[in-house]
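The values are calculated or read from the model by the stated rules, or taken from the named source; none is laboratory data. Everything quoted here is computed from the prediction, not taken from an experiment. Cβ placement follows ideal geometry from the backbone for every residue including glycine, while neighbour counts extend to all protein chains displayed. When the accessible area is computed, the model is the full protein with side chains, heavy atoms only, and any ligands, DNA or RNA have been set aside. Shrake-Rupley method; radii C 1.70, N 1.55, O 1.52, S 1.80 Å.
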Amino acid sequence: MDIQNEINRALQSDLKALTAADTATNLLKGYGLSTPKFNAKCLEHGYLERAKRPSKSKPGTEKEFWKITEKGLAYGMNQKDQREPLESSPRWFAASFKDLLREINADV
């Protein structure tokens, strides 16, 4: 087997582990912190923001959704919502989630 192929496979595996992302709800299991409290702390510390898009069901109004800020992109990514292309859903990197909890002073 070629050594470069082995190195490439190892790097791809490491990259997948580093970028494995999930919802706050799933990552918070076992920490005793609710998703709404987590979101509020992330908002307070500048890791999340409320974004808006025009409502389809109520013309003239807007629908709000959570979006990871530029600062927060070190800890997660905005995944495009497949049902609503104008929205995104925050996904947090599992590998750095504990660090994010420390950053937002979550008492967990």
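Name the single residue that is farthest from GLU84 (Cα to Cα) among those in segment 27-43 being in contact with a Phe, Trp or Tyr (Cβ under 7 Å, 6 or more places away or on another chain) and not in a loop (DSSP other than H, G, I, E, B). For segment 27-43, the residue satisfying everything is LEU27. Just a yes or no: is a residue in segment 87-101 free of Cβ contacts under 8 Å to residues at least 24 places away in the same chain and over 18 Å from ALA21 (Cβ atoms)? The answer is no, given that none of the residues of segment 87-101 is free of Cβ contacts under 8 Å to residues at least 24 places away in the same chain and over 18 Å from ALA21 (Cβ atoms). Close contacts from segment 23-40, counting a first residue that is at positive phi and a second that is open to solvent by 40 Å² or more (accessible area, probe 1.4 Å) and not in a helix (DSSP H, G or I), with Cβ to Cβ under 7 Å and a gap of 6+ residues or different chains, come to GLY32/VAL108.
Residue check: is PRO90 open to solvent by 70 Å² or more (accessible area, probe 1.4 Å) and out of contact with any Cys (no Cβ under 7 Å at 6 or more places or on another chain)? It is false that PRO90 is open to solvent by 70 Å² or more (accessible area, probe 1.4 Å) and out of contact with any Cys (no Cβ under 7 Å at 6 or more places or on another chain).
Among the residues that make up segment 49-66, is at least one of them in contact with a Gly (Cβ under 9 Å, 6 or more places away or on another chain) and open to solvent by less than 70 Å² (accessible area, probe 1.4 Å)? So far as segment 49-66 goes, no, none of its residues is in contact with a Gly (Cβ under 9 Å, 6 or more places away or on another chain) and open to solvent by less than 70 Å² (accessible area, probe 1.4 Å).
Residue count for segment 75-101 under the criterion of being assigned to a helix (DSSP H, G or I) and closer than 16 Å to LYS41 by Cα: the result is 5.
Among the residues of segment 10-29, are any at pLDDT 85 or above and over 14 Å from the mean Cα position of the chain (by Cα)? Looking for residues that are at pLDDT 85 or above and over 14 Å from the mean Cα position of the chain (by Cα), one finds at least one in segment 10-29, hence yes. From the list GLY46, GLY72, the lone residue that is open to solvent by less than 90 Å² (accessible area, probe 1.4 Å) and in a loop (DSSP other than H, G, I, E, B) is GLY46.
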